[in-house]
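The values are calculated or read from the model by the stated rules, or taken from the named source; none is laboratory data. This is a predicted model, so every value here is computed, not measured. Please note: Cβ atoms are built from the backbone with ideal geometry, for glycine as well, and neighbour counts cover all protein chains shown.
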Amino acid sequence: MSAGARDRDRLSGHAYWQARAQLMGARAVVNVDHDAGATLDAVTDGHRAVLLPAIAALLDGSERAVLDLGCGTGRFTADLAALIGGRGIGVDPVAELLALAPASPDVDFRLSVEGEALPLADDEVDVVMTLTVLGGLLQPGELETMAAEVRRVLRPGGLLVLAESVSEQAEVEHWTPRTAAEYAEVFAFAPLREVARFDDAGDPISVLAGRSAG
Ligand SMILES: C[S@@+](CC[C@H](N)C(=O)[O-])C[C@H]1O[C@@H](n2cnc3c(N)ncnc32)[C@H](O)[C@@H]1O
């Protein structure tokens, strides 16, 4: 099947994650290959144990706002706000997932719309973080468009942290693993280096970080 035919056959990212949320509830945001006996809290604790110290080590104390891009149910948005001692903004296109996000006075959740700009002002945040989001951007040019939006909302000198699958396995239905070098090329405005790595149900997740040159 050609790439074009394959792309037409796919649900859009929004439709896919919405259907998955309706089917799986809060569990929709984690890898389906996690053992059914592993609770969502246990999986989240495992992610938190790697991600938060890795980000904490990169902060310079000037941060006031952090974007959890593709936050899903906001598993980490309040943690990120607490880490910087400031405000967390969680953005996701799936209302069903945002509805499950825990309320916190330091956090606001915003619904994004597929194909539109992110619901943030220019330079609004000091940190942008993704956790297993960008692999779901499948359409030609979609990752590049997202990178331009991240560049717009992240202030010059701000910190970008991408925790994404770098599996070398072939792409699966709704996931396109990319290499760290591919992410580095697309997000060249914030030169990325690997600061941590962890296994997520057999999927290697690389935590890539860099500061925006503006
Ligand atoms: C695997 S889940 C991860 C959610 C969250 N980062 C976490 O770790 O709990 C992928 C998320 O990306 C979101 N997503 C899909 N397309 C997106 C887009 N274009 N912009 C922002 N988020 C998107 C989905 O709705 C879903 O919540």
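Odds and ends about this structure:
- Complete set of residues in segment 139-178 that are in a loop (DSSP other than H, G, I, E, B) and among the aliphatic types (A, V, I, L, M): VAL166, ALA170
- Segment 151-168, subset in contact (Cβ under 8 Å) with a residue 60 or more places away in the chain and within 11 Å of the chain's Cα centre (by Cα), residue nearest to the ligand (Cβ to nearest atom): ALA163
- Matching residues in segment 164-193 - criterion: being among the hydrophobic types (A, V, I, L, M, F, W, C) and out of contact with any helix residue (DSSP H, G or I) (no Cβ under 6 Å at 6 or more places or on another chain): ALA170, VAL172, ALA180, ALA181, ALA184, ALA188, ALA190
- Check on ALA190, among the aliphatic types (A, V, I, L, M) and in contact (Cβ under 8 Å) with a residue 12 or more places away in the chain: yes
- Cβ-Cβ distances below 6 Å connect the following pairs, each with a first residue in segment 121-141 that is within 10 Å of the ligand (Cβ to nearest atom), a second residue that is part of a strand (DSSP E or B) and hydrophobic (A, V, I, L, M, F, W, C), and a separation of six or more residues or different chains: MET129/VAL161; THR130/LEU69; THR130/LEU162; LEU131/ALA163; GLY135/TRP175.
- Selection status of VAL32, within 12 Å of the ligand (Cβ to nearest atom), out of contact with any Gly (no Cβ under 9 Å at 6 or more places or on another chain), among the β-branched types (Val, Ile, Thr) and assigned to a helix (DSSP H, G or I): no
- The condition of being hydrophobic (A, V, I, L, M, F, W, C) and over 30 Å from GLU168 (Cα atoms) holds for only one of VAL133, VAL127, VAL153, VAL94, that being VAL153.
- Only one entry in ALA95, ALA101, ALA117 is more than 9 Å from the ligand (Cβ to nearest atom), at pLDDT 95 or above and buried (at least 16 other Cβ atoms within 10 Å of the Cβ), namely ALA101.
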